[in-house]
Structures are given as C-alpha cells and as structure tokens.
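One structure is given here, and the rest of the page talks about it.
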Amino acid sequence: MEGTAAPMSAEPQTGVVDMMLNMGPQHPATHGVFRMVLSIDGERVVGVRPHIGYLHRGSEKLSEHESYGQVITLFDRLDYVSNLNNELVFARAAEELMGVEAPERAQYIRTILCELNRVASHLLFIGTYALDVGAMTPVMYTFRERERVQNLFEHVTGARMMHNYFRIGGVKEDVPGDFAERVRSVVRHLREGVEETDRLLTFNEVYLARTRGVGVISAADAVSCGLTGPCLRGSGVAYDVRKAYPYEVYDRLEFDVPVGEFGDCWDRYWVRLQECYESLRMTEQALEQMPDGLVMAPGRRIARPPKGEAYAHAENPRGDIGVFLVSDGTDKPYRVKVRPPSFCNLVGLERMMDGAYVADAVAILGSLDIVLGEVDR
Amino acid sequence: MSVAATGHELAEPLRAAFGEAALSADDGAVYVAPGSIAEVCAYLRDDPALDFAMLNSLTAVDYVECFEVVYRLTSLRRNATCVVKTRVYGRDDPALPTVSGVWRGAVLQEREVYDLMGVRFEGHPDLRRILTWEGFEGHPLRRDYLEPPLPYTWPHGG
C-alpha cells in the first residue's frame, strides 16, 4: 500500500473561487466548537481550512502539575462521550511505566465497561449523524438505548460521565453485586435497540442517497493521512488496535473487525453499527470469563516511577488513542502527550471534501465523528 | 502478532543507507540527525522490508538542553511499530525539515508541535498556530513557559 504524499495546499486548486463560506464555530452540525472555512466554486467545495482550538484547556500542560493518579480526571474530559476508554489508556501507560499489572478481574471489568462505552458512543454518533443528514427519528431511539448504558455506569462508578473509576493498577472498587445481572439485561436491550435502529436507518433510501458515495477517501489516502478507527476501516483497511496489539483481555475474546468497501460516509456509519454488535458480543464473553479476586494491584498509593518513557495505545471509539509518558523520577509526569484520534482524523477532511457539494459538507464532517474535547485538549 | 522494532534493528538498514545520519540507537528508538529526518522517513516508508506507511504520532519533549522530536511509525502490512527520534538544539529558533511530504497526517501534528513547543518545521505548507490563537505569545508546553500575569485580557474584549 503506497502512501500518496502530495503536499496539502491551503489554497483552492482551481483558482476559481466564487465565495468563502464560514461554518461554525457555533453550528449545530459541528458537534462542539469547530470552525471550518469552505472555498466554494459554484456548488462544489474546492478547499477547506479547519480552525480548531476553541476548547483548548491545556490538558497536557496541566498534567505536568498533577500526580499520576490525578491525571486520570483530566483524561475523562478529553473525549467526553467515551470517558472510560480514555481513562484506560492513561492507566495502561502509567502501569507500563511503573511495571504494575492490573489483576485479572480488574482487566475484565475494564474491558466490559470500555466495550459498553463504545456502544454508547457509537449510538450517540448514529443518532446525531442521522439528525445531521435530516432523519429526525433515530436519535430518539439511540438516546433511549444510550441511557441504559449511562444508568449502568452510574450504578457502577457513581457518575454518568467523568467517572474517574479506573486507577493505575486496577479500578477504584469492586463492582456492585448485581453487576453481571444488570450487564446481561443491558446487553439484551441494547442488542434489540441497535437492531431496531439498524432496520430504521441503514437501508433507508433517503439516508443512502445522502451518504452513499459521499466523502470518499481511498485506502492509500486514509493511511497516508493517518486516519484510524472506523474512518480507516470504512476504507477497507482492517487495522484495529484490539486485534493488532491486544491489550487487557482482548486476546481471549472472539470478535470480528468489520470493514467497509468504498470509504464513503455510509461505510463509516456501517462500520460503527457493526462494531456495536461486536462490542455486545465481547461484553457477553468477558462477563462469562470474569474471575473473582482482587480489583487493585497491591502496592504503594503514591507512585514514583523510575526515569524513563512509556507508550500505550488502545482502540477508542474514534480510533487509535495513544499516550506517551516521560518520567523524570518524581511523582509527577515530565511530559504527557496524547495522540488524539479525532485530531488526527481531521487531516482526512480535505481529501473527503474535495469536489463535494456544499450540502454534503455537514454529512462528511459528521461522518468523521470528532469530539472537540479531544481535538482541542 | 505484532512486532515492536528495537532501535538496534532499525539502525542497521539506516546505517547502510545513510551512513552517519543514523547517530545512535537504544532498545526503544533510533536517533537520527535532524537535517536528514525527511529522507530517513521517506526511506522507512518506501523500503519494502520496512514499509512504515502510517505516521502514528509526532511529538516533542522539552529536555531544556534540547528538544527531542519523537516519530512513532506503524506498518499496517507487517503489523509492526518503530520509534525514530531526533534532537534539535537551541531555544531561540529550533528547526528541522518537515515530514508532511512523506505522510500527510503530519500536517496537523507538526502545527501542534510548532504551536505548543516552538519547534519550526521547514518546508511545512501551512505552519501556523493551531490550538492557541494568532498573536499568542510563547509556547506553553516548554518547561520555561510562564503564564502571563493576571489580569489578562483577550485580544477582542474582556
């Protein structure tokens, strides 16, 4: 697979620009505070310049002034619709740095919660994306289903968002006694709910007309742009961190990696939809295998890792999230770098928008499923 | 299974191809001269035995005496990763060549490093601040960055 390395130019290609159209930062379809300036030639987009940073809170700088355990609270606030997936990747990076391994039960708990969080995140995407392209109904169904996951999280962690539940070396506390029962019930309901949405939306004629063949990106371009997650798999590249570099207990679970065919908006949607089914499958398997035991590795509460570096990455609902930690031997990290999948996926926007209709700009941006908390950090 | 290439494994082909440009290697990474980073990256991408088609992450660490720029590469076909590092010295205007011609994905990440660390990438098509605003002074992720004293006013109003 050869990466095409044409230089990305900020200026429109044709030289004929009728108008520049500003979208955002306050625009319902940008799902946050994201602004892009479209160069328009007739009905066609010939250039796009994204402007980000409206939500920049300096998380990486703040992390340098917090102890390792406290940094987890900042990771909750990066990708605020899949909080637990973010917590996990920081906890794993710190564990690698400190040479700690979470007990088996904690790893299963983390896997189950992360997979349910993935379903919740994808359901949010499906609902709001349908809204973006003009379907008002599915969001009602997907939010009803997402609520079940939120309620479960509230029951387990005490919070609906910003859980602060994972710890370096395990989880905060063991799950409640009725955890298995409740997860089974949630999974059963979610599967029905996802199927219902699937029937309602996937092959709807209007929906197909809005998304099929729109925002196409080839596999070579997607790789060169550094897209990951459903955006990459939508173009037919089966790269999933859970398969390629198994972490936690993913090597013991059976699951498929759904891939798209053409790399258009519909394919990216379809990949996420299928991932919901796969995640529910994984949740059930993990629940069956979950052993009893400790949920926190024994050790000191205030950790001073040795000098060195650690990198951990994981499959977030949006793609390959990575955390690069540098330690100078004190109780605070010397440098924390997040490799944010939403931010990296934005590179593909220009290629997808090239030559698209103005009316499709919203559909294309929506299909990337960016979360601005993570883009801007 | 996946393979994480150690710096030593990577240093051999790089020394054969570039000689002195591959400075040193340890278990985690290979260190190359900043001036030849673009050629080294193009080689790592194009050589069929290496085939690092994707730039996973690009970042910099401020070690006060130098900036260490870290490139983390992924080969999807071989399911392998590697780390390439380069050190740029000087705090006034550290600069090294861009790799955005090798991987388009570097465009935004290099802008971020420029914005927050103040490392300039020569030949970058659109090197502007990205997370902070135009007119922002300083580079916040540097170790010697000091927050401007309060009360601080935003460029347009309050």
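Taking the numbered list (1) buried (at least 21 other Cβ atoms within 10 Å of the Cβ); (2) modelled with pLDDT of 90 or more in turn, A:Arg167 passes all entries but (2). For the range A:154-180, the set of residues classified as touching a helix residue (DSSP H, G or I) at 6+ places or on another chain (Cβ under 7 Å) and part of a helix (DSSP H, G or I) consists of A:His155, A:Val156, A:Phe179, A:Ala180, listed by residue number. Taking the criterion of being surrounded by fewer than 24 Cβ atoms within 10 Å (Cβ to Cβ) and in contact with an Asp or Glu (Cβ under 8 Å, 6 or more places away or on another chain), the only residue of the range A:222-238 that qualifies is A:Gly236.
When residues of the range A:209-221 are filtered for being surrounded by 24 or more Cβ atoms within 10 Å (Cβ to Cβ) and either at the interface with chain B (Cβ under 9 Å from one of its Cβ atoms) or part of a loop (DSSP other than H, G, I, E, B) (or both), how many remain? Write out each step before concluding.
Here is the first cut: in the range A:209-221, the ones surrounded by 24 or more Cβ atoms within 10 Å (Cβ to Cβ) are A:211, A:215, A:217.
Next, from what is left, pick out any that are either at the interface with chain B (Cβ under 9 Å from one of its Cβ atoms) or part of a loop (DSSP other than H, G, I, E, B) (or both): A:215, A:217.
Count: 2.
The single condition among (1) out of contact with any helix residue (DSSP H, G or I) (no Cβ under 6 Å at 6 or more places or on another chain); (2) closer than 25 Å to A:Ile168 by Cβ; (3) among the acidic types (Asp, Glu); (4) not in a helix (DSSP H, G or I) that A:Glu254 does not meet is (2). The strands (runs of 3 or more DSSP E) found wholly in the range B:7-120 and carrying at least 3 residues that are more than 10 Å from chain A (Cβ to nearest Cβ) and over 25 Å from B:Leu141 (Cα atoms) occupy B:22-25. One residue is enough: does the range B:48-64 have a residue meeting the conditions under 22 Å from A:Gly348 (Cα atoms) and touching a His at 6+ places or on another chain (Cβ under 9 Å)? Yes - at least one qualifying residue is present in the range B:48-64.
Does the range B:116-129 contain any residue that is crowded, with 19+ Cβ neighbours inside 10 Å, in contact (Cβ under 8 Å) with a residue 24 or more places away in the chain and touching a Lys or Arg at 6+ places or on another chain (Cβ under 6 Å)?
Within the range B:116-129, the subset crowded, with 19+ Cβ neighbours inside 10 Å is B:116-119, B:121, B:124.
Add one more test, that the residue is in contact (Cβ under 8 Å) with a residue 24 or more places away in the chain, and what stays is B:116-119, B:121, B:124.
Of the ones still in play, those that are also touching a Lys or Arg at 6+ places or on another chain (Cβ under 6 Å) are none.
There is no residue in the range B:116-129 that is crowded, with 19+ Cβ neighbours inside 10 Å, in contact (Cβ under 8 Å) with a residue 24 or more places away in the chain and touching a Lys or Arg at 6+ places or on another chain (Cβ under 6 Å).
Residues checked against (1) among the aliphatic types (A, V, I, L, M); (2) loosely packed, with under 15 Cβ neighbours inside 10 Å:
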| position | (1), (2) |
| --- | --- |
| B:Ala11 | yes, no |
| B:Ala17 | yes, yes |
| B:Leu23 | yes, no |
| B:Ala29 | yes, no |
| B:Phe52 | no, no |
| B:Leu55 | yes, no |
| B:Glu65 | no, yes |
| B:Val70 | yes, no |
| B:Ser75 | no, no |
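Every condition in (1) modelled with pLDDT of 85 or more; (2) under 18 Å from the mean Cα position of the chain (by Cα) is met by A:Ser39 except one, and the failing one is (2).
The set of residues in the range A:84-133 being in contact with a helix residue (DSSP H, G or I) (Cβ under 7 Å, 6 or more places away or on another chain) and not in a helix (DSSP H, G or I) consists of A:Glu101, A:Ala102, A:Val133.
Restricting attention to the range A:222-248, the residues that are modelled with pLDDT of 90 or more, assigned to a loop (DSSP other than H, G, I, E, B) and away from chain B (no Cβ under 14 Å) add up to 1. Within the range B:129-144, the set of residues being farther than 20 Å from B:Tyr63 by Cα and either of a type in the set (Val, Ile, Thr) or more than 9 Å from every other protein chain (Cβ to nearest Cβ) (or both) comprises B:Ile130, B:Thr132, B:Glu134, B:Gly135, B:Phe136, B:Glu137. Considering each residue of the range A:56-63 in turn, at least one proves to be surrounded by fewer than 24 Cβ atoms within 10 Å (Cβ to Cβ), outside any loop (DSSP other than H, G, I, E, B), within 14 Å of chain B (Cβ to nearest Cβ) and under 18 Å from the mean Cα position of the chain (by Cα). In this structure, is A:Ala135 closer than 29 Å to A:Asn204 by Cβ and crowded, with 23+ Cβ neighbours inside 10 Å? So A:Ala135 does not fit the description; no.
Please specify each residue of the range A:112-128 satisfying the condition of being farther than 23 Å from A:Arg242 by Cβ and surrounded by 21 or more Cβ atoms within 10 Å (Cβ to Cβ). If the condition is that a residue be farther than 23 Å from A:Arg242 by Cβ and surrounded by 21 or more Cβ atoms within 10 Å (Cβ to Cβ), then A:Gly127 is the only one that fits.
The values are calculated or read from the model by the stated rules, or taken from the named source; none is laboratory data. As the structure is a computational prediction, the values presented were derived from the model and not from experiment. Neighbour counts are summed over all protein chains in view; Cβ atoms, including those assigned to glycine, are modelled from backbone coordinates with ideal geometry.
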